[in-house]
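S.K.: Right, I'll just put the structure down here and ask away after.
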Ligand code: ATP
Ligand code: MG
């Protein structure tokens, strides 16, 4: 059994964080939180944060750190995750060094203890994005080529319609990638200095997943 794994998946947009998350959930017990999914929920609810985030996301920008930190902290409090003995998986947060420091300041008892970078060549990422569809309520991701839904255009579990993310178009995607490259080095450095950063390079999710799984089980299995 996996115990006390508090994992952050890092990787460029389209590197497969959501896909790896789904695959991990089939094998281990861990609760995922994706900052992008939380923001998309706020957008569906038309909350004031959602309205602001929607404008920023459409342009491929980053939501200000203080708003992201408050959103994630609220989620952690609601799930009772501030104490010991919890396992969770973060995707998309922290995405800047400021966010990482702020989160560590709040999670003094049980901070992130494993960071895995999905290192996927950029040309692969660009091809993927064009074929990507998402089930917004759950964050489940499909790809017309690699991971098609059982029924075209419908989520496998709920049968609800899939959508194309409005920020998955060439122009906005380029800005998202640029922003990623601006923030990633200091963020990686921060986790490297803590001794918890591990990178996995590969072109497909099928190549990356076994390595990810092997690493996690070798480091966090308790008998
Ligand atoms: P992908 O989902 O393809 O891996 P991504 O990680 O860039 O790409 P999401 O995590 O879904 O996409 O985030 C969508 C958008 O939400 C981002 O482009 C950004 O505008 C905003 N966002 C998400 N997380 C954060 C964060 N931690 N800080 C600031 N903005 C964020
Ligand atoms: Mg994502």
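S.K.: Based on this model, can you work out whether residue 85 counts as more than 9 Å from ligand 1 (Cβ to nearest atom) and surrounded by 13 or more Cβ atoms within 10 Å (Cβ to Cβ)?
M.R.: For residue 85, the condition - more than 9 Å from ligand 1 (Cβ to nearest atom) and surrounded by 13 or more Cβ atoms within 10 Å (Cβ to Cβ) - is not met.
Yes or no, residue by residue, for (1) at pLDDT below 95; (2) surrounded by fewer than 16 Cβ atoms within 10 Å (Cβ to Cβ); (3) within 12 Å of ligand 1 (Cβ to nearest atom); (4) within 18 Å of the chain's Cα centre (by Cα):
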residue: 95; (1), (2), (3), (4): no, no, yes, yes
residue: 103; (1), (2), (3), (4): no, no, yes, yes
residue: 143; (1), (2), (3), (4): yes, no, yes, yes
residue: 152; (1), (2), (3), (4): no, yes, no, no
residue: 158; (1), (2), (3), (4): no, yes, no, no
residue: 166; (1), (2), (3), (4): yes, yes, yes, yes
residue: 169; (1), (2), (3), (4): yes, yes, no, no
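S.K.: I would also like to ask the following. Please find, within the stretch 1-12, the residue that is nearest to ligand 2 (Cβ to nearest atom) out of those that are part of a loop (DSSP other than H, G, I, E, B) and modelled with pLDDT of 95 or more.
M.R.: 12
S.K.: Among residues belonging to the stretch 189-212 that are in a helix (DSSP H, G or I) and crowded, with 17+ Cβ neighbours inside 10 Å, point out the one that is modelled with the lowest pLDDT.
M.R.: Here the residue is 205.
S.K.: May I pose another question? With 71, 67, 38 as the choices, which residue is within 14 Å of ligand 2 (Cβ to nearest atom), closer than 22 Å to residue 11 by Cα and out of contact with any strand residue (DSSP E or B) (no Cβ under 8 Å at 6 or more places or on another chain)?
M.R.: The match here is 38.
S.K.: Given the conditions (1) closer than 27 Å to residue 206 by Cα; (2) within 11 Å of ligand 1 (Cβ to nearest atom); (3) at pLDDT 95 or above, and given that residue 19 satisfies all but one, which numbered condition is not satisfied?
M.R.: Here residue 19 meets the rest and fails (3).
S.K.: Looking at the structure I just gave you, is residue 186 surrounded by fewer than 16 Cβ atoms within 10 Å (Cβ to Cβ) and touching a residue at least 24 places away in the same chain (Cβ under 8 Å)?
M.R.: Yes, satisfied.
The values are calculated or read from the model by the stated rules, or taken from the named source; none is laboratory data. These numbers were taken from a predicted model, which means no experiment stands behind them. Cβ atoms come from the backbone with ideal geometry, glycine included; neighbour counts cover every protein chain shown.
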